[in-house]
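Structure first, commentary second.
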Amino acid sequence: MTTNESAQHGGSQPTGDRDSIGSRSKSVPEIREAVADHVDEMDGSSTVNRLLTARYRRRHFARASGRVLDVACGSGTNVEYLPEDVTYVGVDISPEMLARAADRFERLRRGESLYEMNAQDLAFDDDSFDTVISSMSTCMFPDPVVALEEMARVCASDGKILLLEHGRSSVGPIARLQDWRAEPRYEKTGCRWNQEPLAVVSRSNLVVEGTTTGMLGMVTTITARPPDGD
Ligand SMILES: C[S@@+](CC[C@H](N)C(=O)[O-])C[C@H]1O[C@@H](n2cnc3c(N)ncnc32)[C@H](O)[C@@H]1O
């Protein structure tokens, strides 16, 4: 199933895979440093971020169940959009983000587990989560395909992988603006803001079962599962 939440807007030519910016990818320590420098801007709980993404998080992550892993959890924003009976585990490379998540969970009086961990090398057994979620994250991973395949590895074979990603707009002038600013933005924040999330996911072994787009093509939800036999 593939659905489009918004109408298609003409003018943006398909670009193929735009997830490589310039000639190099930042390393994990460089990305950790960039996040530390822009922690307010990247915090999914900021007012602007909430205004833009809350409805997508609510709709998409309401479908999570059981033991849930939030990869690149940031400040733990997604926990508010998950069913109350899930068991939540969050991982991120940023100590600043994890400290914010720990504060939030203390305020909410919820006993979630948080770990400082690289999405590209998850320290969990195969098939150990019923649902793996991740939001606004593949744009930052040095190698998003490795991270996505780690998500598939730790997800139960009958489990779900729910992704919420931002990317290149389907509206020509906005897409061109994103392309124009992509390189400086990547240098500053480590975020490839004109990537095409479905193109990235299609290079991994995830089996995509559904997608929606919104916000002039800049937000994509992806429902996927691990490959057969994984
Ligand atoms: C834009 S923020 C999104 C945070 C959160 N998922 C949200 O939706 O609000 C991207 C997050 O990815 C994390 N991140 C980047 N590279 C990572 C990696 N290799 N492993 C784990 N986390 C990573 C950053 O530290 C940051 O918290």
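Observations, loosely collected:
- When ARG59 is tested against (1) charged (D, E, K, R); (2) touching a residue at least 40 places away in the same chain (Cβ under 8 Å); (3) more than 21 Å from MET215 (Cα to Cα), only condition (3) is not met.
- Restricting attention to the range 218-230, the residues being surrounded by 21 or more Cβ atoms within 10 Å (Cβ to Cβ) and either in contact (Cβ under 8 Å) with a residue 60 or more places away in the chain or in contact with a Pro (Cβ under 6 Å, 6 or more places away or on another chain) (or both) number 6.
- When we screen SER134, SER157 for residues that are among the polar types (S, T, N, Q) and more than 9 Å from the ligand (Cβ to nearest atom), the only hit is SER157.
- Any hit, the range 166-185, residues being within 19 Å of ASP70 (Cα to Cα) and not acidic (Asp, Glu): yes
- Among the candidates ASN49, ASN118, residue that is surrounded by fewer than 22 Cβ atoms within 10 Å (Cβ to Cβ), within 13 Å of the ligand (Cβ to nearest atom), of a type in the set (S, T, N, Q) and more than 20 Å from THR212 (Cα to Cα): ASN118
- In the range 52-91, of all residues being among the charged types (D, E, K, R) and touching a strand residue (DSSP E or B) at 6+ places or on another chain (Cβ under 7 Å), the one that is surrounded by the most Cβ atoms within 10 Å (Cβ to Cβ) corresponds to ASP70.
- Residue check for GLY44: within 11 Å of the ligand (Cβ to nearest atom), assigned to a strand (DSSP E or B) and surrounded by 13 or more Cβ atoms within 10 Å (Cβ to Cβ): no
- Within the range 72-101, residues that are polar (S, T, N, Q) have Cβ atoms under 7 Å from residues that are within 11 Å of the ligand (Cβ to nearest atom) and assigned to a loop (DSSP other than H, G, I, E, B) in these pairs: SER75/ASP43; SER75/GLY44; SER75/SER45; THR77/GLY44; THR77/SER45, counting only partners at least 6 apart in sequence or on another chain.
Read the figures in this text as sums done on the coordinates, not as results from a lab. Worth saying up front: this structure is predicted, and the values here are computed from it rather than measured. Cβ: placed from backbone, ideal geometry, glycine included. Neighbour counts: every protein chain shown.
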